[in-house]
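Chemist: Before I ask anything, let me first share the structure, which is written out below as structure tokens.
The values are calculated or read from the model by the stated rules, or taken from the named source; none is laboratory data. Owing to the predicted nature of the structure, the values given are computational and were not obtained by experimental measurement. FYI the Cβ positions are ideal-geometry reconstructions off the backbone, even for glycines, and counts take in every protein chain you see. All accessible areas refer to the heavy atoms of the entire protein, side chains included, with ligands and DNA or RNA removed. Shrake-Rupley method; radii C 1.70, N 1.55, O 1.52, S 1.80 Å.
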Amino acid sequence: MTKQGIIYILLLLTLLAILSCERILTSQDPENSPTNNFEILWDNLDRKYSLFSTKGIDWDSIYQAYRPEIHENMHNSSLFETMGRMILELKDGHTDIRSNLGHIEYDYTTGYRKNFVPHIVKVTYLGPKEKERDGMLYNIIDTVGYLYIGSFTTEITEDGIRDVLDYFSDTKGIIIDVRHNTGGNDRYTKIIVNHFFDRKRLVEVNHYKTGQGHDDFGSIDRYIEPKNGLGIFKPTVILTNRYCYSACNSFVSWMSALPHVSLVGDTTGGGGGTPHFSELPNGWIYRYSANKSYRPDGLSMDDGIPPDHYVTITKRDSTRWRDTLIEYALDLVNE
Amino acid sequence: MKHEMRLFLTICFFILSLQAWPQQNTTMLGFGTGVSRNMILDEFHSPMFYRGTGYMLQLGLNKQNDRNYDQLAIIYQKSKISPDIRNNSAAHLYRGSFDWIRTYRVKSEAEKWMIYLGFHILTSYDVSSHTEWPNNSYSHCLAFNLGPSLVLDYSPWTTDIHFYWELSIPVLNYIIRPSLGAIIPEGSIRRARPDIWGVVSGGELTSLHEYQRIRSNLYISFRDSPRFNIRAGYQWDFQNYTVNNHYQSAYHLLYLAVYYRLKT
């Protein structure tokens, strides 16, 4: 064979190797078996879940408790139920699992009063003059502005919040009611908060994972600095209950950093860690708290934000179609 | 400080390399388009491979003479990718790359063959946006690569038809990836710098033990007229990054490009 022929053959072999070596180089999808699905779930949470130490959870002992229940021939519903129970051990509203079999999530409101009767607010305080903008409901009660924000999932625009706050321009103070607001997008909370801040302030310290160990964290301070805000420095009262969670929890925490803001109601639900989604080879989707946050005073935001004034709805007020928290807030503003 | 110094030296090398661009006697500017087949395993989001087909656009500048072969290419790809499991998971994948290969001809007695050896600087940015998950829905891999390149130019029948094969294997890399539980890079968190510079400098300088990449570009160039060349090619790229969230990506490109001869 000539020298040129050898070169041709070598080149051809090299090209064939390059064209087909993807199969050699790439790994394969993980096996879809009950054992493997369980192991992937446990291992991913072991490396990435952020609240083991904060909550005092021994994740290895949880593995020891649940792993014996897993076997290759188990039914999907049993596997889902076992994984769900394991996840519930974390007692975290941001950690759940869902599939075509259902949705298993921790109820962080267990043992707390609702402290909110929507139809009383609707009839007595919003009334026929109720206005709506970007999902926010508002009205003026005597000389105090009342704003109900039921969710931070609906987009709240800069124009929207400006319209609302402009409407309250001649009021003595503002009540912002976030009861039963289970969170949403931090971006919308910032749009609102911006108008109440007087200067740059430290609002929380975010802890992110920097390694696979349960205590491997680095921290980044988070500030809010007002930009072209309306400068609302009049007395402001935030009404809270246990159902206020995640982005709502952050909203309450950030607003509580301001001297002209008071919190009335109950401790919020928490949810300080940003939830992160992932999935298993069988298609089930789960999420977990991937980081954690602390208030500037060092308190974990996952424990919820305690109110300045602990107030619950009384039976007497309920029967008179009165909301005790709103009445208390009106008195605070009018003091 | 050691980290910044490494980054600084890498950037200096990049700038100095650019200034070494030669004055050559053939310059071609081309535009191409084609289809891409993408595959990504990004454990920031999922342990499953996401696969999908999309399109690509390419802008290229090519210089070649008896001594050098230089190729500058900007490639954009977009695909919708999904895993092979029964749920609604899917993601939009955007890839952008800015690649430069500079090679020098190796002396050879074969008339039909030209062999070039040199180096490359590959810059690629892959972003995937999950369509179903509202939090941390973005993931990315920004890679700056340096390493050797091999170019073979073979014209078996006539000088109007050339077969080319470019092979690049990076050995020194700067990689920016999300940290374990957030899209912010780990280096940025360690130094409490969430700003843009913190993110850019928060990556990791790696070599073959943590990051592997191979890029192969095979194409045929046909001289259609004194001014125009037509290229049909196949490009294959593979990346594997093993730090924290394992990342593996591969794509196949089939493309057709028209090159215009700027000067001779």
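Chemist: Given a 1.4 Å probe, show me the residues in the stretch B:86-128 buried by at least 10 Å² of accessible surface when comparing the whole protein assembly to the chain alone.
Modeler: Listed in order, they are B:Arg86, B:Asn87, B:Lys112, B:Trp113.
Chemist: Using the alpha-carbon atoms, what tilt in degrees (0 to 90, nearest 10) does helix A:76-88 show relative to the longest principal axis of chain A?
Modeler: Roughly 50 degrees between the two axes.
Chemist: Let me ask something else about it. With all protein chains present, how much of the accessible area of chain B (probe radius 1.4 Å) comes from carbon and sulfur, to the nearest whole percent?
Modeler: 64 percent
Chemist: What does the C-alpha gyration tensor say about the overall shape of the stretch A:224-322? Classify as rounded when a/c is under 1.5, otherwise prolate if a/b is larger than b/c, or oblate.
Modeler: In terms of gyration-tensor shape, oblate.
Chemist: Total accessible area buried between chains A and B, 1.4 Å probe, in Å² to the nearest 100? List each step's numbers first, then the result.
Modeler: Details: alone 16860 and 13340 Å², together 26520 Å².
In total, this chain pair buries about 3700 Å².
Chemist: Of the options B:Leu41, B:Thr26, B:Gln71, report the single residue whose Cα projects farthest towards the positive end of the charge dipole of the protein assembly as shown (beta-carbon charges: Lys, Arg +1; Asp, Glu -1).
Modeler: B:Thr26
Chemist: Averaged across B:146-153, how many Cβ atoms of other chains sit within 10 Å of each residue's Cβ atom?
Modeler: Working: counts 0, 0, 0, 0, 1, 0, 4, 0.
Shielding by partners across B:146-153 averages 1.
Chemist: Express in whole angstrom the spacing between the alpha-carbon centres of the stretch A:36-56 and the stretch A:79-103.
Modeler: Measuring centre to centre over Cα atoms gives 13 Å.
Chemist: Here's another thing I want to ask about it. Counting only heavy atoms of the protein chains, get the accessible area per residue of chain A (1.4 Å probe) and round it to a whole Å² value.
Modeler: Result: 45 Å² of accessible area for each residue.
Chemist: A follow-up question, please. Over what distance in Å are the Cα centres of the stretch B:26-72 and the stretch A:261-335 separated?
Modeler: What the calculation gives is 50 Å, centre to centre.
Chemist: Further question: From the Cα gyration tensor of the stretch A:40-118, with a ≥ b ≥ c the square roots of its eigenvalues, which class applies: rounded if a/c is under 1.5, or else prolate if a/b is larger than b/c, or else oblate?
Modeler: Because a/c hits 1.5 or more and a/b fails to exceed b/c, the stretch A:40-118 counts as oblate.
Chemist: Pairwise over distinct Cα atoms, reciprocal of the mean inverse distance: report the Kirkwood radius of chain A in Å, one decimal place. The partial results should precede the final answer.
Modeler: Numbers: mean 1/r = 0.0437 Å⁻¹.
Hydrodynamic radius (Kirkwood, Cα only) of chain A equals 22.9 Å.
Chemist: To the nearest 20 debye, what charge dipole does the protein assembly as shown have about its Cα centre, counting +1 at the Cβ of each Lys and Arg and -1 at the Cβ of each Asp and Glu? Before the final figure, lay out the partial values.
Modeler: Working: 60 positive and 65 negative charges, 338 e Å.
In total the dipole reaches around 1620 debye.
Chemist: By the gyration tensor of its Cα atoms, with a ≥ b ≥ c the square roots of the eigenvalues, what is the shape of the stretch A:90-232: rounded for a/c under 1.5, prolate for a/b over b/c, or oblate?
Modeler: oblate
Chemist: Above 40 angstrom, tally the Cα pairs of the protein assembly as shown and express them as a % of all pairs, no decimals.
Modeler: When all Cα pairs of the protein assembly as shown are counted, 43 percent exceed 40 Å.
Chemist: Local charge sum around A:Tyr106 (other residues, Cβ-Cβ under 10 Å, Lys/Arg +1, Asp/Glu -1)?
Modeler: Values: positive: A:Lys91; negative: A:Glu89, A:Asp92, A:Asp96, A:Glu105, A:Asp107.
Net of charged neighbours comes to -4.
Chemist: Let me ask something additional. Restrict the search to the stretch A:43-119; then list the GluC sites (Glu not before Pro) that DSSP places in a loop and that have at most 11 other Cβ atoms within 10 Å of their Cβ.
Modeler: A:Glu72
Chemist: In peptide B:43-52, how many Cβ atoms from other protein chains are near each Cβ within 10 Å, on average?
Modeler: Numbers: counts 4, 4, 4, 8, 13, 9, 5, 0, 0, 0.
Across the residues of B:43-52, the mean count of other-chain Cβ atoms within 10 Å is 5.
Chemist: Okay, next question. Looking at chain B, which longest stretch skips every one of the GluC sites (Glu not before Pro) that is in a DSSP loop with at most 12 other Cβ atoms within 10 Å, leaving the sites themselves out? Numbers along the way, then the final one.
Modeler: Working: sites that count: B:Glu109, B:Glu111.
In short, B:112-264.
Chemist: Still on this structure, I have one more. Taking springs between alpha-carbon atoms closer than 10 angstrom, which of A:Leu101, A:Leu258, A:Leu88 fluctuates most in the Gaussian network model of chain A?
Modeler: So, out of A:Leu101, A:Leu258, A:Leu88, the one fluctuating most is A:Leu101.
Chemist: Could you calculate the FRET efficiency of B:Glu132 with B:Arg67 from 1/(1 + (r/R0)^6), where r is the beta carbon distance between them and R0 is 56 Å, rounded to 0.05?
Modeler: My answer for the efficiency is 0.55.
Chemist: Give the carbon-plus-sulfur fraction of the accessible surface of chain A in %, rounded to a whole number; probe 1.4 Å, heavy atoms of protein chains only.
Modeler: Answer for chain A: carbon and sulfur cover 50 percent of the accessible area.
Chemist: With the crude spin-label approximation of a point 7 Å out along Cα→Cβ, what separation in nm comes out for B:Asp224 versus B:Phe31?
Modeler: Result for the modelled spin labels: 1.3 nm.
Chemist: Using the heavy atoms of the protein chains and a 1.4 angstrom probe, tell me the accessible area per residue for the stretch B:128-185 in square angstrom. Can you show the working numbers first?
Modeler: On the way: 1900 Å² over 58 residues.
Ligands and nucleic acids excluded, the figure is 33 Å² per residue.
Chemist: Return P(r) of the stretch A:22-167 (all Cα-Cα pairs; 5 Å bins starting at 0; whole %; ordered from short to long distances).
Modeler: Percent of pairs per bin, in order: 2, 7, 12, 13, 11, 9, 9, 9, 9, 8, 6, 4, 1, 1, 0.
Chemist: May I ask for the net charge around B:Tyr247, where only other residues with Cβ less than 9 Å from the Cβ of B:Tyr247 are counted and Lys, Arg are +1 while Asp, Glu are -1?
Modeler: Net of charged neighbours comes to -2.
Chemist: Still on this structure, please answer the following. Please compute the length gained on full extension between A:Thr157 and A:Arg113, using 0.36 nm multiplied by the number of residues separating them and subtracting their Cα-Cα distance.
Modeler: 12.7 nm
Chemist: While we're here: Per-residue Cβ counts within 10 Å, from other chains only, averaged over A:207-218: what number is that?
Modeler: Numbers: counts 2, 11, 7, 8, 5, 2, 0, 0, 0, 2, 2, 9.
So the per-residue partner count for this stretch is 4.
Chemist: Probe radius 1.4 Å, ligands and nucleic acids left out: which of A:Leu147, B:Leu167 has the largest accessible area, and how do the rest follow?
Modeler: Most to least solvent-accessible, the answer reads B:Leu167, A:Leu147.
Chemist: B:Thr206's amide H: which non-local residues (gap 5+, or another chain) put their own amide H closer than 5 Å, with H modeled 1.01 Å from N in plane and none for Pro or chain starts?
Modeler: B:Asn173, B:Tyr174, B:Ile175
Chemist: Residue by residue through the stretch A:60-65, which ³J(HN,Hα) values in whole Hz follow from phi under the Karplus form 6.51 cos²θ - 1.76 cosθ + 1.60 (θ = phi - 60°), with glycine and proline marked x?
Modeler: 5, 5, 5, 4, 4, 6
Chemist: Projecting each Cα onto the charge dipole of the protein assembly as shown (Lys/Arg +1, Asp/Glu -1 at the beta carbon, about the Cα centre), which of A:Pro275, A:Thr240, B:Ser149 comes out farthest on the positive side?
Modeler: B:Ser149
Chemist: Run through every distinct alpha carbon pair of the stretch B:116-191 and return the Kirkwood hydrodynamic radius in angstroms, one decimal place.
Modeler: 15.6 Å
Chemist: For B:Val106, list long-range residues whose amide hydrogen, built 1.01 Å from N in the peptide plane, is under 5 Å from its own amide hydrogen.
Modeler: Amide H neighbours of B:Val106, under 5 Å, 5+ apart: B:Ile115, B:Tyr116, B:Leu117.
Chemist: Connecting C-alpha atoms closer than 10 Å in a GNM of chain B, tell me which of B:Arg223, B:Arg215, B:Arg86 has the biggest fluctuation.
Modeler: Among B:Arg223, B:Arg215, B:Arg86, the largest GNM mean-square fluctuation belongs to B:Arg86.
Chemist: Report the charge-dipole magnitude of chain A in Debye, nearest 20, computed about the Cα centre from +1 at each Lys and Arg Cβ and -1 at each Asp and Glu Cβ.
Modeler: Dipole size: approximately 520 debye.
Chemist: If I build a Gaussian network model for chain A, linking alpha-carbon pairs within less than 10 angstrom, which residue out of A:Asp323, A:Asp170, A:Asp302 has the largest mean-square fluctuation?
Modeler: Taking springs between Cα atoms under 10 Å, the residue moving most is A:Asp170.
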